[in-house]
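Chemist: Just passing along the structure, written as structure tokens.
The values are calculated or read from the model by the stated rules, or taken from the named source; none is laboratory data. Worth saying up front: this structure is predicted, and the values here are computed from it rather than measured. So basically every Cβ, Gly included, is an ideal-geometry build from the backbone, and we count neighbours across all protein chains shown. The area values use the complete protein model at the heavy-atom level, side chains included, leaving out ligands, DNA and RNA. Shrake-Rupley method; radii C 1.70, N 1.55, O 1.52, S 1.80 Å.
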Amino acid sequence: MALIPRAGTNRGMQMGNWGSKQAVRWGVAALAAMACATAWASWFSKGQPVPDWGVAAAKTATPDYARDSSAVILYDEYMETIDASGRATERERKAIRILKPQGRGNTCEVIYDVDEKINNFRAWTITADEKMTFQAQDTDFVDEGDTDVPTMLSTRKTRKVHAPAADVGATIICESEELMAPYDQEKIWQVQNGVPVVFEALELDLPAGRTHAEAWHRHDAVKPAEVVPNHWRWEIKDTHALNLRDIPSTPEWAALAARMTVQWGDGAVAEKDQEWRALGEWVTKLEADRPTPSPEITAKVNELIAGPPDFYTRLVRITESVQKDIRYFIVMRGIGGMQANHASDIFRNRYGDCKDKTTLLISMLQVAGIHAYYVPVDHRRGVVDPDDPSLIGDHMITAIEIPADVQDARLQAVVKGKDGKRYLIFDPTDERTPVGNLPSNEQGGYGLLAAGGSSQVIALPVLGPEANGTERKGAFTLAADGTLSGTLVAYHSGPEGADYRLMLKYTDDKERREFWEKRIARDLPGVALTSFEFVQTPALDKPLEFHYKLTASQYAHNAGPLLLVRPRVLGSLTQPFDDKPRTFAIDLDATGRWHDSYDITLPDGYEVDETPDPVSVDTDFASYHSTITAKGNQLHYEREYVVKQVEIPADQAAEFRKLEGAILMDEKGTAVLKKAVK
């Protein structure tokens, strides 16, 4: 598996749907800082005029820093009005100027569910020459179902407006009001976007006696103004876009984008640790009766752990039952997007989403006398921030309490709580990663241990290199005409093995052959697989084996009487890394160990004349060592790549480039063969 860290992306497929809405909502806010202006003279005769705030916003000049963007948000203002029960009515006013044709995709939308209500939603377009104004009609609004994941049942919808005359230079004005769900008692304000924002504000209008707490992520704290007693307003100007295009190896977009969270519910308490505990207590209460074991669950668990199995064996039997027997399927309706179904229903129906699988696992472990807890996380590393208490995560996993007398090296994904207890972090949604291990994308992030009064934010573990990787061994024969043929065996373990197991589940033999031939052809143009076989053991903690035979013509090249051959037959571990100044951290994707050992039998009459020098690079975050030796009629290539961290700071970019350069040079290294002297 190539280890070059991936380029940053805006979003990925959700592994679950636990958490509050994070997509942009279109609501309205009170206007406090913009001057009134004369309404435009031209609009539909039966329509409503552009509101004064929109007229004023449309007069905002496009700043120089936004001229290369596809669009610019001139004005964006929210107001959250909270009633005595803590329920919010959210309003927003937004003005977007389209700067390039591709900027037309910036439109207005309101996300809603069965527990929410759109009170109003209006939009207008002011043309670039400011001579015409168009109001969106009923036919310009469309409702779309939730399409975040391909297989689901969801009541969540998005109402979008396709504003008329949305041409380059035009300004779209949007205004809406929505009654939010009663259980949503936090606002996650996305301060930074994919396009620049000239002016943005958030207002919070609280009833007398209710408090709030605020926290910032990737942004200096902004002090709010108290407009009237217990009515707060934050303002920010000139926020540049977060654009990660063409920047390799970045952390997730959502982990880097600035935001602010304001709490007015259970989390509105002093000090971050107390906020996290309050949020964890809320989750604990929300799910309190869900894991209660049914007689059927109890009988199943007793069957699984019959006999005298040790702690690890009991864990394996129960976790694999949830992984293999419960199909992953999202059912989300209102608060059902946050609250699990009852364990008895999940067990009977044999399906559930991430929080359902966690619920059933907690229930089954309870029968076995093992304590376990909910852990809300995000499937994107870095999104959950210990300095920004919130329910922003989109996924649910499990923390399994390890008894004090249990010491087992196979339990690697372990964290220690503030109370000294050890917790094994496990993701029951991942069908192919064994208990004791953890998917790479979750390592190094943070999660909320929801354990009642002991709730706390926890750092998810980063496993050692031995928990992941690939071991490849190959034996090849080189013919005098340059044709290479031979056999190769690869052993894939940990999260990398889990990825391949998942691929096997969803492909047939033909698709697998095509996939591997294309992949191998990157290193060996014209390669043909003569045979291949996957050996997949039922035990998830055992490596997945891949055996195949191949032939590649013209692998070696003639240079007069010499024959040039690359000892590194297969496996590219890197790609070019640019030399631009680095601002963002470098995401290495996963820890692991990748080891290659290849023997090439030389053609009759040839011997090794020259080999590339050994390569040896050691850093705090990774190491790379390779050697090329000749013995008799064989050329031997061996290398080891070890990654120790999942992310390194930007100031280590020079060291990372040095490592990448050394690997690339080694992978391209050429041995020289000459005719043997008789």
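Chemist: On a 0 to 90° scale, report how tilted helix 272-286 is relative to the longest principal axis of the chain, with both axes built from alpha carbons and the result rounded to the nearest 10.
Modeler: 90 degrees
Chemist: As I understand it, the value is the acute angle between the Cα axis of helix 494-505 and the longest principal axis of the Cα atoms of the chain; what does it come to in degrees, rounded to 10?
Modeler: Roughly 80 degrees between the two axes.
Chemist: Sticking with this structure for a sec: Evaluate E = 1/(1 + (r/R0)^6) for residue 454 and residue 410, where r is the Cβ-Cβ distance and R0 equals 30 Å; express this FRET efficiency to the nearest 0.05.
Modeler: After rounding to 0.05, the efficiency reads 0.70.
Chemist: Suppose R0 equals 35 Å; then what is the FRET efficiency for residue 516 and residue 629 from their Cβ-Cβ distance, rounded to the nearest 0.05?
Modeler: Efficiency, from the Cβ-Cβ distance: 0.75.
Chemist: Extension gain residue 296-residue 533, at 0.36 nm per residue separation less the Cα-Cα distance, in nm?
Modeler: Between residue 296 and residue 533, full extension yields 81.4 nm more.
Chemist: For the chain, which whole-number percentage of the solvent-accessible area (1.4 Å probe, protein heavy atoms only) is attributable to carbon and sulfur atoms?
Modeler: Reported share for carbon and sulfur atoms: 50 percent.
Chemist: Would you work out if the stretch 296-455 is rounded, prolate or oblate? Take a ≥ b ≥ c from the square roots of the eigenvalues of the alpha-carbon gyration tensor; rounded if a/c is under 1.5, else prolate when a/b is larger than b/c, oblate otherwise.
Modeler: oblate
Chemist: Sticking with this structure for a sec: Under a crude label model (7 Å from the Cα following the beta-carbon direction), how far is residue 664 from residue 325 in nanometres?
Modeler: Simple spin-label model gives 5.2 nm for this pair.
Chemist: Using the basic label-point model (7 angstrom from Cα toward the beta carbon), what is the residue 485 to residue 616 distance in nanometres?
Modeler: If labels sit at residue 485 and residue 616, their model points lie 3.9 nm apart.
Chemist: Then there is this: Around residue 672, under 12 Å between beta carbons, what's the net of Lys plus Arg minus Asp minus Glu among the other residues?
Modeler: 0
Chemist: Between residue 231 and residue 132, what is the FRET efficiency for a Förster distance of 30 Å, r being their Cβ-Cβ separation, to the nearest 0.05?
Modeler: Given R0 = 30 Å and the Cβ-Cβ separation, E is 0.20.
Chemist: Next question. Give me the accessible area per residue for the chain, probe 1.4 Å, as a whole number in Å².
Modeler: Per-residue accessible area for the chain comes out at 42 Å².
Chemist: Greater than 23 Å separation of Cα atoms is the criterion. Which listed pairs, 160/237; 94/187; 631/675; 416/505; 59/100; 324/416, meet it?
Modeler: 160/237; 416/505; 324/416
Chemist: Can you tell me the orientation of helix 653-668 relative to the chain, as the angle in degrees between its alpha-carbon axis and the longest Cα principal axis, to the nearest 10?
Modeler: Helix 653-668 sits at roughly 40 degrees to that axis.
Chemist: With a/c under 1.5 counting as rounded, go ahead and sort the stretch 194-318 into rounded, prolate or oblate using the C-alpha gyration tensor (a ≥ b ≥ c being the square roots of the eigenvalues; past the cut-off, prolate if a/b is larger than b/c, else oblate).
Modeler: Because a/c hits 1.5 or more and a/b fails to exceed b/c, the stretch 194-318 counts as oblate.
Chemist: May I pose another question? So what is the 222 nm mean residue ellipticity for the chain from helices alone, if each DSSP H run of at least 4 adds -39500 (n - 2.57) and you divide by all residues, rounding to the nearest 500 deg cm²/dmol?
Modeler: Counting only the DSSP helices, I get -5000 deg cm²/dmol.
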